[in-house]
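Here's the structure we're looking at; comments come further down.
The values are calculated or read from the model by the stated rules, or taken from the named source; none is laboratory data. Since the model is a prediction, treat every value here as computed from it, not as a measurement. Note that we place each Cβ from the backbone using ideal geometry, even for glycine, and neighbour counts take in every protein chain shown. Surface accessibility is based on the protein's heavy atoms, side chains included, excluding ligands, DNA and RNA. Shrake-Rupley method; radii C 1.70, N 1.55, O 1.52, S 1.80 Å.
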Amino acid sequence: TRCVQFQLAVPVAVVFAPGSQPGDLLRPLPFRETQEKETLLNSRTSITSRYEMVYRSTTAQEEAALDAATVQEADAALHRLQDASLGSLSVYVIPETSLLLPQGAGVYVGKHRSALVRAGQGLAALRARLQQVMQIMSFTTSSITAALSDRVPASQLGPDARRHFKSSLGYEITFSLLNPDPKSHAVHWDIEGAVSRYVQPFLDKLSFLANFSVDSQILYYAVLGVTPRFDKASSSFLLSAHSLPHVINPVEARLGSSAASLYPVLNFLLYVPERSHSPLYIQDKDGALVGTNAFHSPRWGGIMVYNVEGPAPPQASLPLRVDVDMVRVMEVFLAQLRLLFGVSREVQPPEVLLESPGNEGLADWELDRLLWARTVENVATVSTTLTSLAQLLDKIGNIVIKDDVASEVYRAVAAVQSATAELAVGRLHSAFQASKEAVTSSERAFFDPSLLHLLYFPDDQKFAIYIPLFLPMAVPILLSLAKIFREAKQRKKEPTKTD
């Protein structure tokens with residue numbers, strides 16, 4: 001059966017600083033409570049979210065950390081005090097009059113696994129802010145639904161649900177510089193330095209998720225395949241939103257086939273327009289110019305148009321040297337990379353402050369959100385894979401299942417059971433590891449060469465193959481047997497001769 005019930009437990013510590021306890025908090029600290037919510041995605045899949053809340057007072061070290069001059073320093077000091085496991089949250093409640101947060105801000109989400117919230121007027125206001133924090137820092141119904149997009153009707157999915165790549169054990173990232181006019185432009189880009197400075201810290205943070213390989217290439221005389229429209233008012237060339245889908249196919253033919261790759265390929269293209277089509281700008285659906293001059297394609301990658309600054313002086317010798325501003329380029333590509341992995345930040349109300357993740361490009365809680373979704377996706381994938389394998393084995397009665405294939409199936413089932421059990425107790429790290437092992441084992445079993453459907457023929461096909469071979473030999477043998485039988489019968493009928 002493909003029915004899957006997910007139970008996701010999140011450990012949440014709610015820590016009260018001195019003077020921040022609501023007056024209507026009826027129970028003395030410390031105490032525990034559990035908030036549970038069940039969501040039925042369809043008849044076969046349900047999610048039970050359980051927040052295991054522990055309410056307590058700050059320790060002396062935590063009080064000292066909250067006395068920091070800035071909220072960023074407080075966040076860093078609190079991180080040093082925590083032994084925060086993946087998936088857990090710590091919410092520090094500070095007095096309503098505290099100056100640690102700017103005026104008008106009620107919630108601050110740091111770049112690790114802690115948040116600061118103002119106490120608010122009473123327990124109800126505090127609970128509302130806690131709920132807000134948990135929706136930001138932990139999984140949401142929409143993020144889990146997007147992870148299960150194959151099992152959920154399209155009507156239940158948000159617009160971004162199919163934007164990010166599916167869960168995989170590895171990814172290949174390719175950066176390509178497209179120079180369609182090398183006679184006019186000699187383009188130089190420090191892609192190696194840019195990757196090590198901007199992309200590698202992000203991938204290092206995600207190394208727990210999958211294996212990554214990064215490569216780059218420069219392609220000459222590679223054009224977009226769509227002729228841009230000249231705009232007299234701005235003396236520039238424009239690519240409209242409806243023409244963007246037609247840009248990718250001609251370019252992809254030059255990128256090198258990804259068919260030989262074991263893993264999904266993420267393509268990031270930097271396009272320097274030819275002189276005859278410069279400057280080139282991208283328009284959105286409303287006709288406005290796109291600020292980044294870039295666009296991305298879901299589950300494929302992104303393209304950025306990089307215009308050469310200013311017209312060339314008449315006496316300048318061609319080709320003009322173009323040094324690419326890699327800071328501007330990598331800001332766009334890193335934002336697109338986050339989108340393709342499903343870690344883009346949603347717009348929050350003004351009273352909520354989200355700390356920038358810094359050089360790593362990914363906050364700890366954003367990694368946790370991604371791991372929740374990927375663990376659930378892996379479990380659902382293994383369930384589907386093993387169900388398909390069972391259906392195949394049921395269909396072919398004489399199939400031979402080797403011991404190593406059987407052991408992979410048993411291993412996958414055991415790992416899935418372990419992953420769901422770990423999710424139910426809030427151990428995200430071990431749950432994700434178990435789900436990865438389950439995917440590996442289930443795919444090894446499913447793609448084992450000995451289980452190839454074409455190796456086994458149905459009985460009617462066997463008869464169709466062998467009858468033409470044996471029938472020519474069978475006819476004379478059958479006629480001979482009939483003749484022998486008739487002669488034997490004739491002999492029995494003849495009377496016995498007597499002397």
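Annotations for the structure displayed:
- Restricting the stretch 185-222 to residues that are open to solvent by 10 Å² or more (accessible area, probe 1.4 Å) and in contact with an Asp or Glu (Cβ under 7 Å, 6 or more places away or on another chain) leaves a set whose member that is farthest from residue 320 (Cα to Cα) is 205.
- Members of the stretch 62-101 that are open to solvent by 10 Å² or more (accessible area, probe 1.4 Å) and of a type in the set (Ser, Thr, Tyr): 70, 85, 88, 90, 97, 98
- Test: residue 388 is open to solvent by 10 Å² or more (accessible area, probe 1.4 Å), free of Cβ contacts under 8 Å to residues at least 60 places away in the same chain, over 20 Å from the mean Cα position of the chain (by Cα) and within 30 Å of residue 223 (Cβ to Cβ): no
- Considering only residues in the stretch 223-243 that are touching a helix residue (DSSP H, G or I) at 6+ places or on another chain (Cβ under 9 Å), modelled with pLDDT under 85 and not hydrophobic (A, V, I, L, M, F, W, C), the one that is least open to solvent (accessible area, probe 1.4 Å) turns out to be 225.
- Here the condition is being in contact with a Ser or Thr (Cβ under 9 Å, 6 or more places away or on another chain) and over 23 Å from residue 138 (Cα atoms); of 90, 43, 98, 49, it holds for 98 alone.
- Check on residue 59, among the polar types (S, T, N, Q), over 25 Å from residue 381 (Cβ atoms), surrounded by 11 or more Cβ atoms within 10 Å (Cβ to Cβ) and in the same structural domain as residue 98 (by the TED database): yes
- Filtered residues of the stretch 34-53 (kept if part of a loop (DSSP other than H, G, I, E, B) and either buried (at least 19 other Cβ atoms within 10 Å of the Cβ) or not small (Gly, Ala, Ser) (or both)): 44
- Residue ID - nearest to residue 126 (Cα to Cα), chosen from residues in the stretch 12-33 that are open to solvent by 70 Å² or more (accessible area, probe 1.4 Å) and at pLDDT 85 or above: 21
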